[in-house]
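Inspection log for the structure reproduced underneath, given as structure tokens.
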Amino acid sequence: MKITGEIFSRMIISAANNLGNSKEEVDRLNVFPVPDGDTGKNMYLTMSGAANAVKENADPDFKAVANKVASATLKSARGNSGVILSQLFRGLAKGIETFENLDGKALAAGLEKASATAYKAVMKPTEGTILTVARACAQSAVEAANNTDDLVEVAKAALEGGKTALDKTPDMLPKLKEAGVVDAGGMGWICIFEGMVKVMETGVMVEYTAEETGSSSGLEMMIEEEEITFGYCTEFIIEKSDFKASVNEFRNTISPLGDCMLVIEDFDVVKVHIHTDNPGLVLQAALKIGSLINIKIDNMRQQHNNTIAAQEKAPRKDFAIIAVSAGEGFSNIFKQLGVTDIIEGGQTMNPSAGDIADAVNKANADTVYVLPNNSNIILAAEQARDIVDCSIEIIPTKTVPQGISAVIAFNPEASVEDNVRNMKDSAECVNTGLVTYAVRDSEANGIIIKEGNIIGLSDKTIVTAGEDINEAVLNVCNNITDEDTGVITLYYGSDISEDDANELFAQLEEKYDDCDVILQYGGQPVYYYMVSAE
């Protein structure tokens with residue numbers, strides 16, 4: 001078969017749909033049984049950006065479509081898995097650019113380049129991950145292409161090679177074997193490739209059939225076009241009164257009314273986001289399911305024009321600091337310390353490279369310092385370098401407390417080089433502990449974990465599991481403090497009352513009477529407490 005631009009577009013949409021149908025299954029493969037395992041969601045949102053970019057593709061050239069997909073996944077990449085995925089498609093586009101037809105040999109070359117590009121993008125590649133699975137796909141494709149030019153045969157060989165490698169990932173990463181799972185990112189790549197192969201083999205796309213469940217990410221999808229197609233950004237929450245009403249039917253009803261749509265169901269509420277010219281029709285359809293709260297309708301064209309006018313009028317700054325933050329308290333702390341702009345996001349809400357680049361460009365500064373404040377956002381921040389028009393310095397903060405320490409170390413009178421060095425050094429002096437709950441039964445580091453247990457983590461390692469939140473915090477503190485610790489800061493989240501936080505604060509003051517113990521409201525979701533020691 002001859003792969004045209006239209007067929008390649010269908011392959012991408014099919015891939016996104018197939019991943020979307022399995023994204024929750026991929027999420028459940030997260031090594032840690034914490035409620036922020038979002039590899040499937042991050043990869044799906046990344047693929048959705050590509051699918052949206054090619055839905056109405058009219059370009060007959062498959063290479064032009066491949067380049068469009070590479071660009072779209074770069075902008076929509078979320079989390080480490082999404083960034084690696086964007087690099088796979090970037091490499092695929094480069095690998096096939098010299099071929100006139102997308103036959104078996106072209107696909108093999110593309111997959112080989114995809115794997116090499118993804119490995120190169122990761123500073124310390126780890127085997128037993130999506131990188132291993134993608135490389136196995138490429139190797140199997142190259143072997144098959146030595147015997148046949150048939151695209152479908154080579155694609156099927158690549159898929160089988162990837163599946164075999166995926167099954168072996170627990171043997172390469174002890175943490176996977178301990179948790180009894182295969183690699184989540186590798187599984188996501190297999191889902192994507194299966195969707196593409198389905199179109200190559202049958203001409204039929206995988207249809208999206210998944211019911212949306214899970215918490216809303218709160219993220220707005222990127223507007224890919226420079227011109228705003230639909231004028232009103234419409235957001236609201238439906239409090240369901242008719243639990244038999246089909247959310248899928250509602251989604252299908254409003255889909256033709258706009259773009260950049262997110263409809264996410266979470267128990268008795270539905271989070272809705274859509275760009276449309278008819279907010280009233282969207283709201284009318286939603287009322288059939290339940291009552292509406294938190295309605296927010298913004299005129300994007302007016303906002304866009306106002307932003308451009310403001311940027312043209314405002315003088316360019318020497319520097320700006322941007323921090324990723326989830327939680328009203330943390331955002332206020334950053335603002336008080338002089339952070340210029342906040343990107344809402346963090347656990348379960350990973351901003352894309354495009355979101356970060358957009359914030360950097362809007363900052364209107366010669367040098368912009370970016371604090372990702374989450375290890376799963378650092379790669380997306382690095383990707384933003386390719387799509388900004390100024391100097392960007394990524395301070396690789398892995399937690400919000402590290403970000404706070406980095407901001408405190410910033411000196412507006414110092415050189416860029418000195419600030420980068422001082423901010424990095426300051427962040428590295430902070431140990432962070434996290435307390436949340438387990439979403440499934442598991443075992444880690446010899447600790448038996450039951451679904452619903454309160455668990456404490458130190459440096460991505462589960463160190464305690466039990467029934468009591470305060471006890472978990474105290475155990476975490478034992479792991480992150482030593483004789484040199486001088487300051488302990490306790491940040492309480494949105495699910496903790498001030499009285500409960502004060503009670504725990506008193507216990508910490510008594511136990512660590514030789515340290516300065518500070519209590520702050522973080523307001524973070526997911527984690528009951530974050531605690532830092534420095």
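Just to confirm my filter: which strands (runs of 3 or more DSSP E) fall fully inside segment 321-412 and include at least 1 residues that are acidic (Asp, Glu) and touching a helix residue (DSSP H, G or I) at 6+ places or on another chain (Cβ under 7 Å)? Explain how you work it out, then say what you get.
Details: elements: 341-344, 365-371, 391-394.
Because the criterion is at least 1 residues that are acidic (Asp, Glu) and touching a helix residue (DSSP H, G or I) at 6+ places or on another chain (Cβ under 7 Å), the strands (runs of 3 or more DSSP E) in segment 321-412 that meet it are 341-344, 391-394.
Among the listed residues ASN453, ASN445, ASN475, which satisfies the condition of being more than 26 Å from the chain's Cα centre (by Cα), crowded, with 16+ Cβ neighbours inside 10 Å and either modelled with pLDDT under 95 or not assigned by TED's automatic domain parsing to the domain that holds ASN350 (or both)?
Working: ASN453 fails: more than 26 Å from the chain's Cα centre (by Cα); ASN445 fails: crowded, with 16+ Cβ neighbours inside 10 Å.
Sole residue among the options that is more than 26 Å from the chain's Cα centre (by Cα), crowded, with 16+ Cβ neighbours inside 10 Å and either modelled with pLDDT under 95 or not assigned by TED's automatic domain parsing to the domain that holds ASN350 (or both): ASN475.
Restricting attention to segment 501-509, does a residue exist that is loosely packed, with under 15 Cβ neighbours inside 10 Å and at pLDDT below 90?
Step one: of segment 501-509, the residues loosely packed, with under 15 Cβ neighbours inside 10 Å are 502-503, 506.
The next check asks that each one be at pLDDT below 90; those that pass are none.
Scanning segment 501-509 turns up no residue that is loosely packed, with under 15 Cβ neighbours inside 10 Å and at pLDDT below 90.
Would you say ARG90 is under 23 Å from LYS177 (Cβ atoms) and over 17 Å from the mean Cα position of the chain (by Cα)?
On the way: under 23 Å from LYS177 (Cβ atoms): no; over 17 Å from the mean Cα position of the chain (by Cα): yes.
Against the criterion (under 23 Å from LYS177 (Cβ atoms) and over 17 Å from the mean Cα position of the chain (by Cα)), ARG90 does not qualify.
Please go through segment 411-427 and give me each residue that is closer than 17 Å to SER391 by Cα and not polar (S, T, N, Q), ordered by number. Working first, answer last.
Quick first cut of segment 411-427, residues closer than 17 Å to SER391 by Cα only: 412, 414-421, 423.
Within segment 411-427, PRO412, ALA414, VAL416, GLU417, ASP418, VAL420, ARG421, MET423 meet the criteria.
Only residues that are under 17 Å from MET196 (Cβ atoms) and of a type in the set (Asp, Glu): list them for segment 127-167, please. Quick ask: steps written out before the conclusion?
Step one: filter segment 127-167 for residues under 17 Å from MET196 (Cβ atoms), giving 130, 133-134, 136-138, 140-141, 144-145, 150-163, 166.
Correct list: ASP150, GLU153, GLU160.
Does LEU504 satisfy being outside any loop (DSSP other than H, G, I, E, B) and over 17 Å from THR399 (Cα atoms)?
Details: outside any loop (DSSP other than H, G, I, E, B): yes; over 17 Å from THR399 (Cα atoms): yes.
Yes: the conditions hold for LEU504.
I need a count of the residues in segment 186-223 that are modelled with pLDDT of 60 or more and over 30 Å from LYS2 (Cβ atoms). Lay out the reasoning, then the answer.
Looking only at segment 186-223, we keep the residues that are modelled with pLDDT of 60 or more, and these are 186-211.
Imposing the further condition that a residue be over 30 Å from LYS2 (Cβ atoms) reduces the set to 186-187, 210-211.
Result for segment 186-223: 4.
With (1) of a type in the set (S, T, N, Q); (2) modelled with pLDDT of 80 or more; (3) surrounded by fewer than 19 Cβ atoms within 10 Å (Cβ to Cβ) as the list, and ASN248 as the residue in question, which single condition is left unmet?
(2)
A quick yes/no check of all residues on (1) under 19 Å from MET187 (Cα atoms); (2) touching a helix residue (DSSP H, G or I) at 6+ places or on another chain (Cβ under 9 Å); (3) assigned to a helix (DSSP H, G or I):
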{"site": "THR46", "(1), (2), (3)": "yes, yes, yes"}
{"site": "ALA53", "(1), (2), (3)": "no, yes, yes"}
{"site": "PRO60", "(1), (2), (3)": "no, yes, no"}
{"site": "ALA66", "(1), (2), (3)": "no, yes, yes"}
{"site": "LYS75", "(1), (2), (3)": "no, yes, yes"}
{"site": "LEU88", "(1), (2), (3)": "yes, yes, yes"}
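Being without any contact (Cβ under 8 Å) to a residue 60 or more places away in the chain and either polar (S, T, N, Q) or crowded, with 22+ Cβ neighbours inside 10 Å (or both) is the filter here; which residues of segment 94-108 pass it? Let's see the steps before the verdict.
Kept after step one, since they are without any contact (Cβ under 8 Å) to a residue 60 or more places away in the chain, are these residues of segment 94-108: 94-100, 103-108.
Selection gives GLY95, ILE96, THR98, GLY104, ALA106, LEU107, ALA108.
Name the single residue, out of those in segment 510-531 being surrounded by 23 or more Cβ atoms within 10 Å (Cβ to Cβ) and either among the aromatic types (Phe, Trp, Tyr) or at pLDDT 90 or above (or both), that is farthest from the chain's Cα centre (by Cα). Give the derivation first.
Looking only at segment 510-531, we keep the residues that are surrounded by 23 or more Cβ atoms within 10 Å (Cβ to Cβ), and these are 522, 524, 527-531.
Narrowing further to those that are either among the aromatic types (Phe, Trp, Tyr) or at pLDDT 90 or above (or both): 522, 527-531.
Working: GLY522: 21, TYR527: 17, TYR528: 21, TYR529: 22, MET530: 20, VAL531: 23 Å.
The extreme case among them is VAL531.
Pick out the one residue from ALA145, ALA141, ALA136, ALA158 that is in contact (Cβ under 8 Å) with a residue 24 or more places away in the chain and either over 21 Å from THR202 (Cα atoms) or touching a strand residue (DSSP E or B) at 6+ places or on another chain (Cβ under 7 Å) (or both).
Values: ALA145 fails: either over 21 Å from THR202 (Cα atoms) or touching a strand residue (DSSP E or B) at 6+ places or on another chain (Cβ under 7 Å) (or both); ALA141 fails: either over 21 Å from THR202 (Cα atoms) or touching a strand residue (DSSP E or B) at 6+ places or on another chain (Cβ under 7 Å) (or both); ALA158 fails: either over 21 Å from THR202 (Cα atoms) or touching a strand residue (DSSP E or B) at 6+ places or on another chain (Cβ under 7 Å) (or both).
Matching residue, one of ALA145, ALA141, ALA136, ALA158: ALA136.
Could you grab me the full set of residues in segment 377-391 that are crowded, with 22+ Cβ neighbours inside 10 Å and either farther than 22 Å from ASP418 by Cβ or more than 13 Å from the chain's Cα centre (by Cα) (or both)?
Selection gives ILE377, LEU379, ALA380, GLN383, ALA384.
A quick yes/no check of all residues on (1) in contact (Cβ under 8 Å) with a residue 60 or more places away in the chain; (2) under 12 Å from MET530 (Cα atoms); (3) of a type in the set (Val, Ile, Thr):
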residue	(1), (2), (3)
GLY452	no, no, no
GLY456	no, yes, no
VAL476	no, yes, yes
ASP482	no, no, no
LEU490	no, yes, no
ILE496	no, yes, yes
ASP500	no, no, no
PHE505	no, no, no
ASP513	no, no, no
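One line per residue, one yes/no per condition, for (1) assigned to a helix (DSSP H, G or I); (2) farther than 30 Å from TYR369 by Cα; (3) under 26 Å from the mean Cα position of the chain (by Cα); (4) basic (Lys, Arg):
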residue	(1), (2), (3), (4)
ASN419	yes, no, no, no
GLY433	no, no, yes, no
ARG440	no, yes, yes, yes
THR464	no, yes, no, no
GLU471	yes, yes, no, no
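Pick out the one residue from VAL142, VAL181, VAL154 that is among the hydrophobic types (A, V, I, L, M, F, W, C), surrounded by 18 or more Cβ atoms within 10 Å (Cβ to Cβ) and within 22 Å of the chain's Cα centre (by Cα).
On the way: VAL142 fails: within 22 Å of the chain's Cα centre (by Cα); VAL154 fails: within 22 Å of the chain's Cα centre (by Cα).
Exactly one residue qualifies, and that residue is VAL181.
What number goes with the only condition from (1) crowded, with 21+ Cβ neighbours inside 10 Å; (2) modelled with pLDDT under 90 that LEU371 does not pass?
In the conditions (1) crowded, with 21+ Cβ neighbours inside 10 Å; (2) modelled with pLDDT under 90, LEU371 misses (2) alone.
From the list ASP171, ASP149, pick out the single residue that is in contact with a Gly (Cβ under 7 Å, 6 or more places away or on another chain), in the same structural domain as MET43 (by TED's automatic domain parsing) and surrounded by fewer than 19 Cβ atoms within 10 Å (Cβ to Cβ).
ASP149
Among the residues in segment 395-407, are any without any contact (Cβ under 8 Å) to a residue 40 or more places away in the chain and farther than 30 Å from ASN470 by Cβ?
Yes, some residue in segment 395-407 is without any contact (Cβ under 8 Å) to a residue 40 or more places away in the chain and farther than 30 Å from ASN470 by Cβ.
The values are calculated or read from the model by the stated rules, or taken from the named source; none is laboratory data. Source: prediction; values computed, not measured. Please note: Cβ atoms are built from the backbone with ideal geometry, for glycine as well, and neighbour counts cover all protein chains shown.
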